[in-house]
Amino acid sequence: RGLTERTIKHVGLGYSPNSRYALVRQLRSLGFRDEEIIRANLGFQGRYGSKGALDRFADRVMFPIIDLRGNVIGFGGRIMTDQKPKYLNTSDTMVFNKSQNLYALNFAKNAGEKRLILAEGYMDVIALHQAGFPTAVATLGTSLTTEQARLIARYAQEAVICYDSDGAGQKATARAIPMLREAGLLVRVLTVTGGKDPDEFIKNMGAEAFEERLGQASDSFMFRVSIAESEFPMDEPQGQNRFFERCAELLLELKDELERNLYIEAIVKKYRGQYGVSVEDLRKRVNTLALKGTPAENRTRPKTSGGQN
């Protein structure tokens, strides 16, 4: 995968032998009991007459997951063959909760930057670190959680989402944006081309090209608008109507009235020429949608020239 010896040592990459007994025997020799090995999710109880614990990881490249104090609290293992699952991750234990930790945050927090790059996988993060982007982090085999968004906000003011460029990656990006914004982060989206993921992009295009794309990362709200556009038949009036309804729903998520008005203008600027939508059209749609969710006794007449109260 093009990793240097320095990078391999830096992130602590290792290998679990193609055996179900190598680690268990080693840990037993150090005085650990089988129940402790199983509770740490390094082993599992054998079946069909086998005695004691068996290695959970076998014939896998091992990615240690390190907490903010420098302690190894879990592992990710990438199989060396075509067997499934491709990646095997430590389940939650007494010292590890995958929804409350981030891969490589122990390195990224010391980089002295207020921007973190959120990638999808271990190899993407490692490739980014090797290429000179030490603030890259990743979730641990799951979608981004609220706890992880808050964790990012503890160490950064801005998050740049850099997921795979396929459909699944775009959907994951759209899901992550509201959580990161809710945590108080400025959120931008970097869409890679010339490679399905950041690792491939850097191999194909180089670190300088990635740096350039990083500077051109798009506004996260307008990214969600673009994703919404792709979900409707925009060559049909009904599809266009449903799209602008979806835009109104997204706009209502914005609590700040000035921000909402600025994005109304941004959407109209982008789509006015093609679909003839106006600021007043979209603002009325937002106000109408807002009133639908408001109890009758609390409803007020929508403003005609300003934002919603």
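Summary of values
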quantity: The range 158-175, subset open to solvent by 10 Å² or more (accessible area, probe 1.4 Å), among the aliphatic types (A, V, I, L, M) and under 13 Å from E120 (Cα atoms), residue modelled with the highest pLDDT; calculated: A172
quantity: Residues of the range 232-287 classified as over 22 Å from S220 (Cβ atoms) and open to solvent by less than 20 Å² (accessible area, probe 1.4 Å), total; calculated: 2
quantity: Hey, P178 open to solvent by 20 Å² or more (accessible area, probe 1.4 Å) and farther than 15 Å from K109 by Cβ or not; calculated: yes
quantity: Count of the range 22-44 residues which are within 35 Å of the chain's Cα centre (by Cα) and open to solvent by less than 100 Å² (accessible area, probe 1.4 Å); calculated: 13
quantity: From S29, S16, S91, residue being in contact (Cβ under 8 Å) with a residue 60 or more places away in the chain, of a type in the set (S, T, Y) and over 25 Å from K203 (Cβ atoms); calculated: S16
quantity: Test: residue in the range 190-206 that is touching a strand residue (DSSP E or B) at 6+ places or on another chain (Cβ under 7 Å), open to solvent by less than 10 Å² (accessible area, probe 1.4 Å) and more than 30 Å from I8 (Cβ to Cβ); calculated: no
quantity: Lone qualifier among F96, F63, F44, F75 - being of a type in the set (F, W, Y), at pLDDT below 95 and touching a strand residue (DSSP E or B) at 6+ places or on another chain (Cβ under 8 Å); calculated: F44
quantity: Elements of type helices (runs of 4 or more DSSP H) contained in the range 10-110, each with 2 or more residues being hydrophobic (A, V, I, L, M, F, W, C) and touching a His at 6+ places or on another chain (Cβ under 9 Å); calculated: 105-108
quantity: Y163, sole failed condition from (1) part of a helix (DSSP H, G or I); (2) within 14 Å of the chain's Cα centre (by Cα); calculated: (1)
quantity: Residue list for the range 49-79, filter: in contact (Cβ under 8 Å) with a residue 60 or more places away in the chain and surrounded by fewer than 16 Cβ atoms within 10 Å (Cβ to Cβ); calculated: V72
quantity: Unmet criterion (only one of (1) assigned to a helix (DSSP H, G or I); (2) farther than 30 Å from R154 by Cβ; (3) open to solvent by less than 60 Å² (accessible area, probe 1.4 Å)) for T7; calculated: (2)
quantity: Enumeration of residues in the range 207-217 that are exposed (fewer than 15 other Cβ atoms within 10 Å of the Cβ) and outside any helix (DSSP H, G or I); calculated: Q216
quantity: Residue check, S226 open to solvent by 60 Å² or more (accessible area, probe 1.4 Å) and modelled with pLDDT under 95; calculated: no
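The values are calculated or read from the model by the stated rules, or taken from the named source; none is laboratory data. Note that the coordinates shown come from a computational prediction; the quantities given were computed from them, not determined experimentally. Please note: Cβ atoms are built from the backbone with ideal geometry, for glycine as well, and neighbour counts cover all protein chains shown. Remember, those area values only see protein heavy atoms, side chains included, never the ligands or the DNA or RNA. Shrake-Rupley method; radii C 1.70, N 1.55, O 1.52, S 1.80 Å.
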